[in-house]
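The values are calculated or read from the model by the stated rules, or taken from the named source; none is laboratory data. Bear in mind that the values here come from a model prediction, so they are computed numbers and not experimental data. Positions of Cβ are backbone-derived with ideal geometry, glycine not excepted, and every protein chain shown enters the neighbour counts. What goes into the accessible areas is simple: the full protein's heavy atoms, side chains included, and nothing from ligands, DNA or RNA. Shrake-Rupley method; radii C 1.70, N 1.55, O 1.52, S 1.80 Å.
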Amino acid sequence: MTDVLVLSVNVNIALVRVDVQCTAVGASYPWCATWSNRVHGSYLRFPADVPSGGRSVVLRLRVRRFTCPNASCRRRTFVEQISGLTRRHGQRTERLRSTLADIGLALAGRAGARMARVLGIGVSRSTVLRLVDALPEPVPPAPRVLGVDEYATRKGRQYGTVLVDVETRRPVDLLPDREAASLAAWLAKRPGIEVVCRDRAPFFAEGATAGAPQAVQVADRWHLWHNLSEAAERSVSQHRRCLRVPVPSASQTKADPAPEAEPSTSPWTTSSRFADRTRARHATIHALIDAGHSRRSIQRQLGMTYRTVQPFADAARPEELFNCQWQNRTSVLDAYKSYLDGRWSEGCTNAWKLWEEIVPLGYQGSYGRVRAYLHLKRTSPRPVAARPPSPRAVAGWILRRPENLTESEQLQLKTVSTDCLEIAALTRHVRSFAVMLTERRGERLPDWLDAVRQDDLPSLHTLAAGLERDRDAVIAGLTLPWSSGVVEGHVNRIKMLKRQMFGRAGFRLLRKRVLLA
């Protein structure tokens with residue numbers, strides 16, 4: 001039983017007029033536009049159709065063939081087409097072409113070809129891409145609320161612009177770059193746009209102002225909160241010395257810890273091959289001495305020099321042999337241990353970062369020596385001081401809702417704010433902005449900016465200057481319900497489509513997959 005199903009179809013269509021004009025130059029023949037009177041036999045075509053029951057389907061069509069009697073006409077022959085089924089030079093039916101095009105839009109070339117074989121359609125990846133490329137260019141609509149954001153075709157090097165209808169949550173168009181002029185030209189052709197949602201990138205602000213001056217620009221709230229969180233973390237880092245004060249923790253107990261053993265680098269604290277060999281030699285030499293042998297005799301019996309036997313014979317215990325070897329040895333790191341201890345108390349425990357900091361100070365030792373010293377501090381049974389919270393942790397306490405903090409976190413944040421007035425002011429400003437953002441009270445922004453400028457918080461001053469330059473869009477973002485969240489989702493989708501094609505898709509194919517899928 002064959003895997004190919006052949007269906008024979010005789011097409012008997014009464015042609016009235018065929019819209020094919022004669023191509024002869026300088027001649028006009030009225031019968032060249034009506035070829036139905038010039039039937040020249042029949043013609044068989046075998047277009048492939050959508051599989052049925054797991055088997056490939058091929059249609060055998062018997063259609064009519066026409067000829068032009070004009071010898072100078074370049075189109076000597078013409079075969080009738082069946083509307084909705086065939087096209088000129090087509091090897092597949094329109095239904096199969098649309099099916100493969102939909103597979104290509106969803107899965108691209110290689111994956112699309114594999115899926116087509118599962119469905120019973122033998123096709124190559126290049127054919128799938130050609131069918132996608134042959135689709136008509138999408139016509140961008142004119143939305144009322146437009147979302148604008150950038151996407152990376154090559155991260156850090158080349159970027160494009162994605163435009164999304166915020167109301168229908170569908171992509172509208174893709175631009176090959178993120179230049180203000182390109183966005184302005186696209187917006188100028190669509191005067192019906194009323195709202196433009198964007199981040200605070202300057203090129204999008206300039207393009208929206210030039211191309212759609214009638215539209216209200218809305219700064220995205222997520223980007224505003226993200227910028228505030230970054231500024232808050234920088235502010236806490238600038239006052240990290242205030243975090244040195246031991247902060248009470250719920251896990252701390254009042255009981256005194258066990259006394260710390262003195263750190264020692266002596267080989268006697270751990271078993272080692274060198275220590276075992278020294279113990280064995282010391283025991284052997286003292287056993288011979290107790291048996292009545294002289295040191296010269298011991299030297300001859302063990303094959304040692306007199307200077308080797310003498311220290312072992314004089315030492316009552318093997319530990320005495322290492323007084324000069326392992327104790328009070330100087331190190332190139334000694335001059336920098338005070339600096340490392342101070343940075344450790346500040347909360348910096350990264351060995352590589354501390355090594356990079358002391359190299360400009362004149363340290364010429366290795367990174368391994370710094371790592372070993374910090375490892376000793378890290379594994380010490382009792383740290384020198386309570387480890388302060390990291391700037392990121394404190395910034396997280398400030399940015400979270402007060403009711404979502406645990407009792408221990410609230411107590412620690414209160415202690416830090418009491419010891420540092422700048423962190424207390426930062427907490428007040430961040431929570432005031434959070435109320436303004438969640439309750440959509442953008443009219444409070446000018447008062448918030450004035451309050452920020454009155455405190456010594458350079459990072460917040462930088463943020464306030466940026467918000468002041470884009471004041472109208474920020475106030476609209478804190479007041480209107482529109483947001484760019486749906487645009488961020490399509491940016492992630494574009495990343496997936498681009499990686500699915502191994503990053504080698506051109507702009508034209510990527511645009512069709514984004515807009516037509």
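What is the one condition in (1) of a type outside the set (A, V, I, L, M, F, W, C); (2) in contact with a Lys or Arg (Cβ under 9 Å, 6 or more places away or on another chain); (3) exposed (fewer than 14 other Cβ atoms within 10 Å of the Cβ); (4) modelled with pLDDT under 80 that Tyr43 does not satisfy?
With (1) of a type outside the set (A, V, I, L, M, F, W, C); (2) in contact with a Lys or Arg (Cβ under 9 Å, 6 or more places away or on another chain); (3) exposed (fewer than 14 other Cβ atoms within 10 Å of the Cβ); (4) modelled with pLDDT under 80 applied to Tyr43, the lone miss is (3).
Looking only at residues that are in contact (Cβ under 8 Å) with a residue 60 or more places away in the chain and not in a loop (DSSP other than H, G, I, E, B) in segment 54-82, which one is most open to solvent (accessible area, probe 1.4 Å)? Step through it out loud before you land on a result.
Within segment 54-82, the subset in contact (Cβ under 8 Å) with a residue 60 or more places away in the chain is 54-56, 78, 80, 82.
Cutting the leftovers down to not in a loop (DSSP other than H, G, I, E, B) gives us 55-56, 78.
Numbers: Arg55: 61, Ser56: 42, Phe78: 27 Å².
Only one residue fits best here, namely Arg55.
Going through segment 336-379 one residue at a time, which ones are open to solvent by 80 Å² or more (accessible area, probe 1.4 Å) and in contact (Cβ under 8 Å) with a residue 60 or more places away in the chain?
Residue satisfying the conditions is Leu376 alone.
What pairs come out if I take residues in segment 200-225 that are under 18 Å from Ala465 (Cα atoms) and pair them with residues that are of a type in the set (Val, Ile, Thr) and buried (at least 21 other Cβ atoms within 10 Å of the Cβ) whose C-beta lies under 6 Å away, six or more apart or interchain?
Correct list of pairs: Ala219/Val474.
Quick one: would you say Thr415 is of a type in the set (Ser, Thr, Tyr), surrounded by fewer than 20 Cβ atoms within 10 Å (Cβ to Cβ) and either touching a Pro at 6+ places or on another chain (Cβ under 7 Å) or not in a helix (DSSP H, G or I) (or both)?
yes
From Asp450, Asp472, which residue is of a type in the set (Asp, Glu), open to solvent by 60 Å² or more (accessible area, probe 1.4 Å) and without any contact (Cβ under 8 Å) to a residue 12 or more places away in the chain? Walk me through how you get there before you give the answer.
On the way: Asp472 fails: without any contact (Cβ under 8 Å) to a residue 12 or more places away in the chain.
Testing whether each residue is of a type in the set (Asp, Glu), open to solvent by 60 Å² or more (accessible area, probe 1.4 Å) and without any contact (Cβ under 8 Å) to a residue 12 or more places away in the chain leaves just Asp450.
Name the single residue that is farthest from the chain's Cα centre (by Cα) among those in segment 466-505 being polar (S, T, N, Q) and not in a helix (DSSP H, G or I).
At the first step, the residues of segment 466-505 found to be polar (S, T, N, Q) are 479, 483-484, 492, 500.
Those still in the list that are not in a helix (DSSP H, G or I) too: 479, 483-484.
On the way: Thr479: 30, Ser483: 21, Ser484: 18 Å.
Selected residue: Thr479.
Given the conditions (1) in contact with a Lys or Arg (Cβ under 6 Å, 6 or more places away or on another chain); (2) modelled with pLDDT under 90, and given that Leu376 satisfies all but one, which numbered condition is not satisfied?
Of the numbered conditions (1) in contact with a Lys or Arg (Cβ under 6 Å, 6 or more places away or on another chain); (2) modelled with pLDDT under 90, the odd one out for Leu376 is (1).
If you go through segment 138-152 one residue at a time, how many are over 28 Å from the mean Cα position of the chain (by Cα) and within 14 Å of Leu175 (Cβ to Cβ)?
Keep residues of segment 138-152 that are over 28 Å from the mean Cα position of the chain (by Cα), which gives 138-144.
Remaining after also requiring within 14 Å of Leu175 (Cβ to Cβ): 138, 140.
Total satisfying the criteria: 2.
Restricting to segment 100-122, what's the tally of residues that are in a helix (DSSP H, G or I), under 21 Å from Pro47 (Cβ atoms) and not hydrophobic (A, V, I, L, M, F, W, C)?
4
Any residue at all in segment 83-90 that's assigned to a loop (DSSP other than H, G, I, E, B), touching a residue at least 40 places away in the same chain (Cβ under 8 Å) and not hydrophobic (A, V, I, L, M, F, W, C)?
We begin by selecting, within segment 83-90, every residue assigned to a loop (DSSP other than H, G, I, E, B); these are 83-90.
Add one more test, that the residue is touching a residue at least 40 places away in the same chain (Cβ under 8 Å), and what stays is 86, 90.
Add one more test, that the residue is not hydrophobic (A, V, I, L, M, F, W, C), and what stays is 86, 90.
Yes, because at least one residue in segment 83-90 is assigned to a loop (DSSP other than H, G, I, E, B), touching a residue at least 40 places away in the same chain (Cβ under 8 Å) and not hydrophobic (A, V, I, L, M, F, W, C).
Going by what's in this entry, would Thr86 be described as open to solvent by less than 20 Å² (accessible area, probe 1.4 Å) and under 30 Å from Arg45 (Cα atoms)?
Details: open to solvent by less than 20 Å² (accessible area, probe 1.4 Å): yes; under 30 Å from Arg45 (Cα atoms): yes.
Yes, satisfied.
State which residue is surrounded by the fewest Cβ atoms within 10 Å (Cβ to Cβ) when the search covers only segment 504-517 and only residues that are out of contact with any Lys or Arg (no Cβ under 8 Å at 6 or more places or on another chain) and modelled with pLDDT under 85.
Residues of segment 504-517 out of contact with any Lys or Arg (no Cβ under 8 Å at 6 or more places or on another chain): 504, 506-509, 511-513, 515-517.
Pick out the ones that are also modelled with pLDDT under 85 and you get 504, 506, 517.
Details: Arg504: 8, Gly506: 11, Ala517: 14.
Residue satisfying both the conditions and the ranking: Arg504.
Mind listing just one residue for me: the one in segment 390-401 that is open to solvent by less than 90 Å² (accessible area, probe 1.4 Å) and out of contact with any helix residue (DSSP H, G or I) (no Cβ under 7 Å at 6 or more places or on another chain) and, of those, farthest from Asn227 (Cα to Cα)?
Within segment 390-401, the first condition is being open to solvent by less than 90 Å² (accessible area, probe 1.4 Å), and the residues that meet it are 390-391, 393-399.
Cutting the leftovers down to out of contact with any helix residue (DSSP H, G or I) (no Cβ under 7 Å at 6 or more places or on another chain) gives us 390, 393, 396.
On the way: Ser390: 20, Ala393: 17, Gly396: 14 Å.
Among them, the one singled out is Ser390.
Applying the selection to segment 110-123, what residues are closer than 15 Å to Phe502 by Cα, of a type outside the set (A, V, I, L, M, F, W, C) and open to solvent by 10 Å² or more (accessible area, probe 1.4 Å)?
First, pick out the residues of segment 110-123 that are closer than 15 Å to Phe502 by Cα: 110-112.
So of that shortlist, the ones also of a type outside the set (A, V, I, L, M, F, W, C) come out as 110, 112.
Correct list: Arg110 only.
Checking Asp456 against (1) outside any helix (DSSP H, G or I); (2) within 16 Å of Phe204 (Cβ to Cβ), which single condition isn't satisfied?
In the conditions (1) outside any helix (DSSP H, G or I); (2) within 16 Å of Phe204 (Cβ to Cβ), Asp456 misses (2) alone.
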